[in-house]
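Asks: Once you've had a glance at the structure underneath, I'll fire off some questions.
What follows draws every value from the coordinates through simple rules; no lab data is involved. In this text, all values refer to a predicted model and were calculated from it rather than measured experimentally. Neighbour counts run over all protein chains shown; Cβ positions are idealised from the backbone, glycine included.
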Amino acid sequence: AQSVAQPEDQVNVAEGNPLTVKCTYSVSGNPYLFWYVQYPNRGLQFLLKYITGDNLVKGSYGFEAEFNKSQTSFHLKKPSALVSDSALYFCAVRVGYNTDKLIFGTGTRLQVFP
Amino acid sequence: DAGVIQSPRHEVTEMGQEVTLRCKPISGHNSLFWYRQTMMRGLELLIYFNNNVPIDDSGMPEDRFSAKMPNASFSTLKIQPSEPRDSAVYFCASNSQVGDTQYFGPGTRLTVL
């Protein structure tokens, strides 16, 4: 069955330090992977996606993600965290080639401390 | 572009009442999605349309829920009768083609008393 897992409910990091938010997936075939961010009382905002090509994907607000096929992971990273990065982050995977259906992870709350 | 527009932003109603949520997708987008977000179940897809036709409604909880897309610029999600367990944030999203990024609206926070 297709699935996506975010093993950490919360990640705490000091401002200026690098951050990583973890995501692993299970799909048949080649995965389409997405990261979204949700600020309080707002909708989800698209950060980046992996469809094919370079394993390192660069996205909005200085975020990037590394696709690792052997580990079936798509971790979100940023070299230097900002307090304003504090939000809820969702990883998602498209469940099939001919469908637009996404499965979302349970979300990881990122807290960046000054 | 105005993005995906949802109305109302907040809805408080009493159990048994009919609730209608509305969505206007981004102009030119061909697919529209309805999601529900709760603490217990996270973010789950309820139904999605492509070119105004329902493609996958396997996430619709039960017959009390129905969704329509009468034209390319408007969709509704209706709950009749509403129950307290329907309390959630309902998001609408749209994209331009299969596999493309889905863009989300601000959501409707529904509270059923």
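Asks: Note down, for the stretch B:6-69, the three equivalent ellipsoid semi-axes (square root of 5 times each alpha carbon gyration tensor eigenvalue), biggest first, whole angstrom. Don't jump to the answer; show the numbers that get you there.
Replies: On the way: eigenvalues 85, 45, 31 Å².
Working from the Cα gyration tensor, I get semi-axes of 21, 15, 13 Å.
Asks: Still on this structure: Could you list which residues have their amide H under 5 Å from that of A:GLU8, counting only those 5 or more apart in sequence or on another chain, with H placed in the peptide plane?
Replies: It is A:LYS22, by chain and number.
Asks: Across the Cα atoms of the stretch B:44-91, what radius of gyration and what greatest pairwise Cα-Cα distance (Dmax) are found, in Å?
Replies: 11.1, 33
Asks: Cα-based Rg (one decimal) and Dmax (whole number) for the protein assembly as shown, in Å?
Replies: Both quantities, over Cα of the protein assembly as shown: 17.7, 52 Å.
Asks: Place +1 on the Cβ of every Lys and Arg and -1 on the Cβ of every Asp and Glu in chain A, take the dipole about the Cα centre, and give the residue among A:ASN68, A:VAL83, A:GLY96 whose Cα lies farthest towards its positive end.
Replies: Comparing the listed Cα positions along the dipole, A:GLY96 ranks first.
Asks: Give me B:SER94, A:SER84 ranked fewest to most by other Cβ atoms within 10 Å of their Cβ, as a rough exposure proxy.
Replies: Result, fewest neighbours first: A:SER84, B:SER94.
Asks: Additional query: With 20 Å as the limit, write out which pairs from A:LYS49/B:LYS78; A:LYS22/A:LYS77; A:LYS78/A:LYS101 have Cα-Cα distances beyond it, or answer none. Display every interim value, and only then the final one.
Replies: Numbers: A:LYS49/B:LYS78 32 Å; A:LYS22/A:LYS77 9 Å; A:LYS78/A:LYS101 28 Å.
Cα-Cα > 20 Å for A:LYS49/B:LYS78; A:LYS78/A:LYS101; rest within.
Asks: Moving on to the next point. Per residue, how big is the convex hull around the C-alpha atoms of the stretch A:26-114? Give it to me in cubic angstrom, could you?
Replies: Per-residue hull volume (Cα only) is 105 Å³.
Asks: Got a sec to turn the phi values of the stretch B:95-102 into Karplus ³J(HN,Hα) couplings, 6.51 cos²θ - 1.76 cosθ + 1.60 with θ = phi - 60°, whole Hz, x for Gly and Pro?
Replies: My calculation for the stretch B:95-102 gives 8, 8, 7, 4, x, 7, 4, 8 Hz in order.
Asks: Follow-up. Could you go through the stretch A:62-75 in sequence order and give the Karplus-derived ³J(HN,Hα) for each residue, using 6.51 cos²θ - 1.76 cosθ + 1.60 with θ = phi - 60°, rounded to whole Hz, and x for Gly and Pro?
Replies: Here the 3J(HN,Hα) series is x, 7, 9, 9, 10, 7, 10, 5, 5, 9, 6, 10, 8, 6 Hz.
Asks: Sticking with this structure for a sec: Please give me the summed charge of the neighbours of B:PRO54: other residues whose Cβ is under 13 Å from its Cβ, Lys and Arg +1, Asp and Glu -1.
Replies: Working: positive: A:LYS101, B:LYS68; negative: A:ASP100, B:ASP56, B:ASP57.
Residues close to B:PRO54 contribute a combined charge of -1.
Asks: How much FRET efficiency would the formula 1/(1 + (r/R0)^6) give for B:SER7 and B:THR38, where r is the Cβ-Cβ distance and R0 is 35 Å, rounded to 0.05?
Replies: Values: r = 21 Å, r/R0 = 0.59.
So the FRET efficiency works out to roughly 0.95.
Asks: Using only the alpha-carbon atoms, what does chain B span along each of its principal axes? Please give whole angstrom values in decreasing order.
Replies: 37, 27, 27
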